1. Which number comes out as Rg/Rh for the stretch 69-114 once both Rg and the Kirkwood Rh are worked out on C-alpha atoms?
2. Could you state the principal axis extents of the C-alpha atoms in the stretch 71-214, from the largest down, to the nearest angstrom?
3. Does a label point 7 Å from the Cα of Arg173, set along Cα-to-beta-carbon, have any residues of the stretch 130-159 with amide nitrogen under 13 Å, and which are they?
4. I want to check the label-to-label distance for Ser93 and Arg133. Put each point 7 Å from Cα in the C-beta direction and report it in nm to one decimal.
5. When the scattering of the chain is computed by the Debye formula from its Cα atoms alone, each counted once and equally, what is log10 I(q)/I(0) at q = 0.09, 0.15, 0.16 Å⁻¹?
6. P(r) for the stretch 47-90: what percent of alpha-carbon pairs falls in each 10 Å bin, starting at zero?
7. Could you give the length gained by full extension between Ala78 and Ala254, i.e. 0.36 nm per residue of separation minus their alpha carbon distance, to one decimal place?
8. Taking R0 as 41 Å, what's the FRET efficiency between His225 and Ala106 from their Cβ-Cβ distance, rounded to 0.05?
Amino acid sequence: MGPERRVRVVRGGGNEHVRFQVIPSIDLREGRCVRLFQGDYARETRYPGDPVEVARRWASAGADILHVVDLDGAKAGAPANATVMASICEALSIPVEVSGGLRTMADIEAAFAYGAGRVQLGSIAVRDPELVRQACTAFPGGVVVSLDARDGEVMTDGWTAGGGVKVEEMARRMVDLGVPRLMFTDISHDGAMRGPNVEALRALAALVPVPVVASGGVTAIEHLHAIAEAGCEGAIIGRALYEGAIDLRAAIEAFAAR
């Protein structure tokens, strides 16, 4: 499947969105909606509901884009929940950003072919920068690189291994390769319901000339405002939505009114 096939790529790497984006997340493991505590696969919380129906719920609440992670794929190094992810893409009219286990050009092309609006690359960006360059060329505006950090080091393989590179260095490398958007996660904050690492987000947003999306630790609308003030384009929310700490529609409307 070549890149010439028509795909719904979310174009652009600049400020194409006027408002700050509140982005709901669905993390998949064995086809179910889950959340991990600080990336620990042994500390999993499962949530009820078919992933497609959950995706429809977030879209109906006003989300502009949905973030979906294949946790099995991230750990195994190859897509494992592609069928469910494709079903989510098919069910929604908003773009879907897919992540987890995308390690080859064939994986990336397949994701766009089943309807992904963006693909997010993580581990492979550390190991194969040339693949990142090729993907950015083939799908302009459609690639996001995830910088998932523990103590300032980029982690790989579903956050189970150190990548041997600091966040700042990795961010500069990716921008030089043409990556139009970065996502940053402080793993110690992810799923912990204790707020985001705003200082790290502010530093990264000031460092690079491309949009930065925050992920991890958001538990209140006040956190979203802090992330926006730090210069980020948007924030991904997972556990706080499932457990009712944040009402997605209210959060989106709060930024629409700004």
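1. Radius of gyration relative to Kirkwood radius: 0.95.
2. So the extents along the principal axes, rounded to whole Å, are 37, 33, 28.
3. 130-133, 146-148, 153-156
4. My value for the distance between the label points is 4.1 nm.
5. With no solvent term, the Cα-only Debye profile gives -0.33, -1.03, -1.21.
6. 26, 52, 21, 1
7. Values: separation 176, 0.36 × 176 = 63.36 nm, distance 3.80 nm.
Using 0.36 nm per residue and subtracting the Cα-Cα distance, I get 59.6 nm.
8. On the way: r = 41 Å, r/R0 = 1.00.
Efficiency at R0 = 41 Å is approximately 0.50.
Bear in mind that the values in this text are calculations on the coordinates, not laboratory data. Here the structure is a predicted model, which is why all the values come from computation and not from measurement. Neighbour counts are summed over all protein chains in view; Cβ atoms, including those assigned to glycine, are modelled from backbone coordinates with ideal geometry.
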